[in-house]
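The values are calculated or read from the model by the stated rules, or taken from the named source; none is laboratory data. Note that the structure is a prediction, hence the values are computed from the model and not measured. Glycine gets a Cβ as well: all are built from the backbone with ideal geometry, and neighbour counts include every protein chain shown.
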């Protein structure tokens, strides 16, 4: 009898330890890889923004516009430094930390040259700026940085996928072992078999709940509750698999908030977070249950409109512009508002993930045109 009780205790302890270990692995993977890939993506955006501001200064000789662009250029440097510091603070694997250290060196070298160009343009020394651009491989350096950042983010997300898959395999193995042990104990004593079976079932349920929670967290933006960038990628991949007929047409909307930075600067980041939640709720009220919203950057969203394109998709985009423009946040007696610039592109699921990526780029370019044309409007990709 004592031997049977010992076996029972061992079975329960093994199930509980397996559950605790798997749950801890899931939690660590989610809490590390999601911020790592998110910061890497936002670093890429900041790097792109800095070089675009530099090029705009070169193209626009207006000293007032150049002064504004130079200030935004320096503000983006603070964003880059902050994101790099956030990455270095994460408990990453040694090879990932080494990759971050290399990125830090490369980014600071690129920033130093870019600042020389911006300083020359700010002083009206355009020839000096062009001379630096002709001498230094700034654009090639930026492309290498973006490739390295994309590879880093992909590695982190692959690690999360591998962790989820490994936990699922361990869960199945633990469940099978518990069934075999329970069967053996039933042969020795039905009461002991029932107790062990229930204990194993509870452990398996705990692990399954942890796995589902981790998977949900991996594809959900914690602030707004909509999809994150990873969730958007999975949704687009699912659409391509589920509906790849040549006749299927969906639309992808890139939504970039206007004047959002002013809220963070004047009222603080908590106010900015409140506004982002308001905007998300307003957007959700403008679309159908089958459509999806994803927050892919600080104030950038993507909306996927299923089986909608052309004038109908443009009409939804205009509704979104109006709804976001109507959002008001009142704090300390002050009213805060934002606007939205939206780019629209159609994509065909039959074209696969490359077609989705091309549509995203086209919608992003259309959104940038909407910004250039005065903001608060919709532009459709050709």
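A few comments on the model shown:
- Residue within segment 111-124 that is over 25 Å from the mean Cα position of the chain (by Cα), within 23 Å of residue 67 (Cα to Cα) and either outside any helix (DSSP H, G or I) or modelled with pLDDT under 85 (or both) present: yes
- Whichever residue in segment 328-347 is within 24 Å of the chain's Cα centre (by Cα) and surrounded by 20 or more Cβ atoms within 10 Å (Cβ to Cβ) and, among such residues, is farthest from residue 266 (Cα to Cα): 347
- Qualifying position, being within 24 Å of the chain's Cα centre (by Cα), over 17 Å from residue 74 (Cα atoms), assigned by TED's automatic domain parsing to the domain that holds residue 68 and modelled with pLDDT under 90, among 103, 133: 103
- Filtered by the rule that a residue be in contact with a helix residue (DSSP H, G or I) (Cβ under 9 Å, 6 or more places away or on another chain) and without any contact (Cβ under 8 Å) to a residue 60 or more places away in the chain, segment 138-150 gives 141, 144, 148.
Residues checked against (1) part of a helix (DSSP H, G or I); (2) within 12 Å of residue 254 (Cα to Cα); (3) in contact with a strand residue (DSSP E or B) (Cβ under 7 Å, 6 or more places away or on another chain):
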position: 270; (1), (2), (3): yes, no, no
position: 278; (1), (2), (3): yes, no, yes
position: 281; (1), (2), (3): yes, no, no
position: 287; (1), (2), (3): no, no, yes
position: 322; (1), (2), (3): yes, no, no
position: 359; (1), (2), (3): yes, yes, yes
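- Leading residue by the ranking (surrounded by the most Cβ atoms within 10 Å (Cβ to Cβ)) among those in segment 155-164 that are closer than 18 Å to residue 229 by Cβ and without any contact (Cβ under 8 Å) to a residue 40 or more places away in the chain: 161
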